[in-house]
Every structure is written in C-alpha cells, then in structure tokens.
C-alpha cells in the first residue's frame, strides 16, 4: 500500500496500491481487447435497475478466458496487468502451442510461472482441476457452477472458496459470504486465491475518486420526501417511522433482513444460508 502527503484534507487518509512494484506492463494487448458500451445500471429498456452507477473513466474491455478449455496444455505467465473492469490482477498467459490469452491471476503469481488445467494436475496455486479431484480444505477460485459453463464464482480481489465436503456427486463449497453451497463434482476450479488481496484496504479518500470509478452518490432515504422513499418526510431529522428498513421500492433491505426470493431456482443447492446482520 502507498499513502500520500496530506496536501489537502481528502489526501490525508487516502491510500492506494503501488502498482509499479507489482505489475509488469501498462498497455494491454490490442488483439485481446475491444470497446464496450457500459450499461450504467440500465436494462435493455433503458430503465435504471441498479442505482448509483454512471459516468466514470472510459474503459477498454479485456477479453478474459474463464473457460480454460485447453486441457493438459501448460501455460506460462507473460505479464501482470491492471484491469479497470475488475479488482483482481490479470495477465497474458502463453500456452505451449503459442496461443495467448488473458487470465485472472492467483495471489503470488509472478512472470514466468507455469500452470496447467488438467484432471491430474498438482494441487498447487494456479493449476485448474475438477472439484472431485481437489482435496477437502483447499482454497479455490474461478469456480464453475455448471460443467463447461465457465468460471462464475470467486473472481473478486482476495476472494477464495473453501472445499468443505463431498457427497453423492456434489461438492460442498463455503463461499466468501459464508454460504455453503452444493456444486456438481464435474465443475472445474482453480487452486489458490485471487490476486490483489490489498484491494480491500484502499481508502478512496474523496468523492471524486468514486466518480472516476463510475460510482454515483447514495442519498439516504430519510433525507428524501415521502413521494421519493418510504423513509422520507417528517420534521427535522426523523426516524424511518416503520419497524423494517425498506428500499425505495418497499422491499426489505439491510439490518440483517432476508431478501432472497423464497422460490429461487438455486434454493435446493444451498446447504447453509449466509450469515446476515452484524458480523
């Protein structure tokens, strides 16, 4: 981590990651990038479905390989790079047959490291195996939820998923949220933790830095009018006036309330719900 001289009030507590010490390349590979129009929290009708998104610096999308479909072909880490679209570090990996791809790198990865995706690969950080071949207690990331569906879980900086049990063709995984979930044993996962675990320690320091990242301000419901939010209105600083905290749309939110849909398709795979409320 790096800190700054307190030249202003916001600069005093601002921290960042010293990328010059970690990364090896500042320019992305042009053939593995493309332009992308960001939705800014809107759906295909143009309506806001996720609030507090919009603006921010223009980004180039890196085409990252989450399928790892070259089974048994070793690949070498050629670069370590920053990706504006995710919190973990990425890098160009060069397969033994010469093909280049972007991949999400594990914690501790260095240029020149060699990994492989194989059913009989060693249980070592960076290697990729089916969950049925991974020993209990191992930390994994880039986990598939459906066979050959590509990595979907455990992709943020510093995240890892723990293999806790195996039974009847399924593997129980403890997610970063503390939820324990069943996944088919034929799904693949990468050994280790996602790189850039210091990301959680970054103090943005000022509102403008959030805007650069495309994060818009969040206004408290109690500061609004009754027409805008269920918590709005009242004389002066008023309480929310109801027992349960709700969102602007009247749905339960925060304060340890359960918000999962009771008939969600994946309920049958949940072994233990995540812990909610105060940690």
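We did not get these values from a lab; they are worked out from the coordinates using the rules stated. As the structure is a computational prediction, the values presented were derived from the model and not from experiment. Here the Cβ positions follow ideal geometry from the backbone for every residue, glycine too, while neighbour counts run over all protein chains shown.
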| query | For the chain, what size does the Cα cloud have along each of its three principal axes, sorted from largest down, in whole Å? | reply | 69, 53, 38
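Can you sort 212, 188 by how many other beta carbons sit within 10 Å, fewest first? Don't skip to the end; give the middle numbers.
Details: 212 13, 188 26.
The fewest-first ordering by Cβ neighbours comes to 212, 188.
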| field | Rounded to whole Å, sorted largest first: equivalent-ellipsoid semi-axes of region 105-194, Cα gyration tensor | value | 20, 15, 11
| request: Take the Cβ-Cβ distance between residue 228 and residue 42 as r, set R0 to 22 Å, and report the resulting FRET efficiency rounded to the nearest 0.05. | output: 0.70
| message | Test of understanding: in a Gaussian network model of the chain with alpha carbons linked when under 10 Å, which of 36, 93, 163 would top the mean-square fluctuation ranking? | response | 36
| task | Answer rounded, prolate or oblate for region 33-132, using the Cα gyration tensor with square roots of eigenvalues a ≥ b ≥ c: rounded when a/c is under 1.5, else prolate when a/b is larger than b/c, else oblate. | result | prolate
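Residue 32 to residue 3: FRET efficiency via 1/(1 + (r/R0)^6), r the Cβ-Cβ distance, R0 35 Å, to the nearest 0.05?
Values: r = 34 Å, r/R0 = 0.96.
The calculated FRET efficiency here is 0.55.
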| What is the Cα radius of gyration of region 219-279 over 2.2 N^0.38 Å, N being its residue count? | 1.43
| query | Build a GNM of the chain with springs between Cα atoms under 10 Å: which of 106, 28, 252 gets the top mean-square fluctuation? | reply | 252
| request: Multiply the residue separation of residue 268 and residue 197 by 0.36 nm, subtract the distance between their alpha-carbon atoms, and state the gained length in nm to one decimal. | output: 22.4 nm
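Relative contact order of the chain: what whole-number percent is it, with Cα pairs under 8 angstrom and at least 6 residues apart? Provide the component values of the computation, followed by the final result.
On the way: 565 pairs, mean separation 45.8, N = 279.
That works out to 16 percent.
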| Among 197, 65, 228, what is the fewest-to-most ranking by other Cβ atoms within 10 Å? | 228, 197, 65
| remark: Candidates 244, 128, 47; GNM for the chain (alpha-carbon contacts under 10 Å) flags as most fluctuating 47
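Taking R0 as 35 Å, what FRET efficiency do you get between residue 119 and residue 248 from their Cβ-Cβ distance, rounded to the nearest 0.05?
Values: r = 49 Å, r/R0 = 1.40.
Once the sixth-power term is evaluated, E becomes 0.10.
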| For region 109-134 and region 7-57, what is the separation of their Cα centres, given in Å? | 30 Å
| said: Just to confirm my numbers, what's the Cα centroid distance between region 228-247 and region 155-204 in Å? | reply: 38 Å
| task | Please order 25, 31, 210 by the number of other Cβ within 10 Å, starting at the fewest. | result | 31, 25, 210
